[in-house]
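Where a number appears in this text, it was derived from the coordinates with a stated rule and is not lab data. Values in this document were obtained by computation on a predicted structure and should not be read as measured data. Every residue, glycine as well, gets a Cβ built from its backbone with ideal geometry; the counts of neighbours run over all protein chains shown.
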Amino acid sequence: MEKLIHQIPVAYDDVYDIRLVNGNLLYVAKRDGKQFAVCDGKEHGPYDGVWDLRLIDGKLLYGAERDGKRFAVCDGKEHEQYDLVWNLRLIDGKLLYGAERDGKWFVVYGGKEHGLYHEVDDSFNIQLVNGTLLYVAE
């Protein structure tokens, strides 16, 4: 016998990246050309794009784009805008990710930009090891 756990409203043009995390239904929804990050039916947005949607320690975390700028969104708070953001995660309760603006690359941890590089290797996961940020950059 099937049991309905969650139901996605039909009010969307498209729904994708659907996942169930600790009983919470996460997905990206599209309506009228805009995208929304949705957690248990609560919409966040609208945005021009949403990616890397996840739930970590009860906090909704994802990347979003609006008006050509990209940024991390954690627990409803939109962070600094960049041309590119990637590798979003929470480490010790602080947001950690890579970012690029005007051809300069950064690692952002806890709201603080580290470095001003020509490139940060996005194939290597940015890490925090014994309180020290670990990443490859030039």
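Rounded, prolate or oblate: which fits segment 3-106, taking a ≥ b ≥ c as square roots of the Cα gyration tensor eigenvalues, rounded meaning a/c under 1.5, else prolate when a/b beats b/c? Please report the intermediate quantities before stating the final value.
Values: a/c = 2.81, a/b = 1.44, b/c = 1.96.
Cα axes put segment 3-106 in the oblate bin.
Taking the Cα centre as origin and putting +1 on Lys and Arg beta-carbons and -1 on Asp and Glu beta-carbons, what dipole magnitude results for the chain, to the nearest 20 debye?
So the magnitude is around 420 debye.
Residue separation of residue 133 and residue 83 scaled by 0.36 nm, minus their Cα-Cα distance, works out to 15.8 nm of gained length.
Length gained on full extension, residue 48 to residue 121, computed as 0.36 nm times the residue gap minus the Cα-Cα distance: 23.7 nm. Applying 0.36 nm per residue to the separation of residue 21 and residue 102 and subtracting their alpha-carbon distance, the gain on full extension is 25.6 nm. Of the listed pairs 77/112; 34/104; 59/112; 34/94, which have alpha-carbon separations greater than 26 Å here? Too far apart for the 26 Å limit: 34/104; 34/94. Kirkwood radius, segment 85-138, all distinct C-alpha pairs, inverse of mean reciprocal distance: 11.0 Å.
Label segment 39-99 by shape, choosing from rounded, prolate and oblate, from the square roots a ≥ b ≥ c of the eigenvalues of the Cα gyration tensor; if a/c is under 1.5 it is rounded, and otherwise prolate applies when a/b is larger than b/c, oblate when it is not. Cα axes put segment 39-99 in the oblate bin.
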